[in-house]
Each structure stands twice: as structure tokens, then as C-alpha cells.
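One structure is given here, and the rest of the page talks about it.
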Amino acid sequence: MCDYRYFFPINVSYSDIDAQGHVNNTRYGTYIESARLAYLQHLGLWDGEDFQQLGVIVADVHITYRLPLFYGQQIEVGARVSHIGSKSLKFEFIIRDAESKAICATGETINVGFDYTKEVSTPISTHWRNIIGEFEGQPFS
């Protein structure tokens with residue numbers, strides 16, 4: 001699972017911890033959301049400010065938990081696009097300890113092309129396919 005080209009660093013904060021003393025399961029979704037948005041910014045596909053221009057919306061989320069995370073732990077979230085359909089993108093994620101590289105969780109989201117002004121799904125553009133394909137090292141035409 002080392003074939004991720006983008007990693008987003010996160011420091012586990014106090015507010016992420018639940019009564020059992022580890023990161024609450026809902027926070028993992030926030031971690032992959034942060035990595036997904038940062039990935040799109042990194043590729044220049046979103047400016048990080050105008051959410052109406054984001055271009056995609058989450059349709060499905062899956063997370064598999066492997067190891068607990070704890071307060072103060074330095075983690076990194078790997079993000080990649082593994083498939084682009086006519087109107088959707090499949091993002092894959094790993095959450096791992098930044099030092100040991102132990103994989104703590106894996107996940108995926110299906111994101112659908114979306115026009116937030118018109119509130120309708122849209123095709124994934126050739127521009128997005130080309131930018132993501134070049135970054136990921138595979139064609140998405």
C-alpha cells in the first residue's frame with residue numbers, strides 16, 4: 001500500500017478522543033474528508049475557498065478500522081483516485097501512523113460530479129481526468 005502519491009499530515013487532537021480514550025470512529029471520516037479536499041487543492045482542481053465550485057459531492061463512504069488512534073499521535077492520510085466513471089470518482093485512502101507507517105484504517109469514497117448552483121449531477125470533465133491521470137500515473141480517458 002505504498003503506491004499513494006499524496007499524503008496529508010494530521011495531529012490527533014484532544015477533541016477527537018472519546019470516552020474510551022481513543023479516536024472516535026466518526027473522526028476517521030473527517031480525516032479522509034480533509035485529505036480528499038487537500039488532494040483536490042494540491043492538483044489545482046479546487047481553490048480551497050469556494051465550496052460552490054468544488055465540483056463533486058460524496059455519494060458513498062466505507063471505512064475499515066484496523067488500529068486505534070490516540071491523542072497527540074501524528075498520522076498521515078494517503079489519498080488517491082483509483083477509478084473515474086462518466087459521472088463519478090472513486091477515492092481510496094489509508095490512515096497510517098506517520099512514524100511507524102502502521103496502517104490504522106483504510107477507506108474509500110465515491111464522489112459524483114456535481115453542480116452546486118443547479119443542484120444536478122454532472123460528468124467528470126476531461127480536464128479533471130487529465131490532471132488526475134497525470135498525477136496518478138494512469139490514463140482516465
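What follows is calculated from the coordinates using simple rules that are stated; it is not laboratory data. Given the structure is predicted, the values throughout are model-derived calculations rather than measurements. When we count neighbours, we look across all protein chains shown, and the Cβ atoms used for this are built from the backbone with ideal geometry, even at glycine.
Residue check: is Glu134 charged (D, E, K, R), loosely packed, with under 13 Cβ neighbours inside 10 Å and outside any loop (DSSP other than H, G, I, E, B)? Spell out the reasoning first.
On the way: charged (D, E, K, R): yes; loosely packed, with under 13 Cβ neighbours inside 10 Å: yes; outside any loop (DSSP other than H, G, I, E, B): yes.
For Glu134, the condition - charged (D, E, K, R), loosely packed, with under 13 Cβ neighbours inside 10 Å and outside any loop (DSSP other than H, G, I, E, B) - is met.
Given the range 22-122, what strands (runs of 3 or more DSSP E) lie entirely inside it while holding 1 or more residues that are buried (at least 17 other Cβ atoms within 10 Å of the Cβ), free of Cβ contacts under 8 Å to residues at least 12 places away in the same chain and not hydroxyl-bearing (Ser, Thr, Tyr)?
Details: elements: 56-65, 74-84, 88-97, 103-115.
Answer list for the range 22-122: none.
What about Glu119, is it charged (D, E, K, R) and more than 20 Å from Gln138 (Cβ to Cβ)? First the steps, then the outcome.
Values: charged (D, E, K, R): yes; more than 20 Å from Gln138 (Cβ to Cβ): yes.
The answer is yes for Glu119.
Of all residues being in a helix (DSSP H, G or I) and either under 16 Å from the mean Cα position of the chain (by Cα) or of a type outside the set (Phe, Trp, Tyr) (or both) in the range 1-21, which is surrounded by the fewest Cβ atoms within 10 Å (Cβ to Cβ)? Just the residue, please.
Residues of the range 1-21 that are in a helix (DSSP H, G or I), as a first pass: 14-16.
Going one step further and asking which of them are either under 16 Å from the mean Cα position of the chain (by Cα) or of a type outside the set (Phe, Trp, Tyr) (or both), we end up with 15-16.
Details: Ser15: 8, Asp16: 20.
Checked the range 1-21; the qualifying residue surrounded by the fewest Cβ atoms within 10 Å (Cβ to Cβ) is Ser15.
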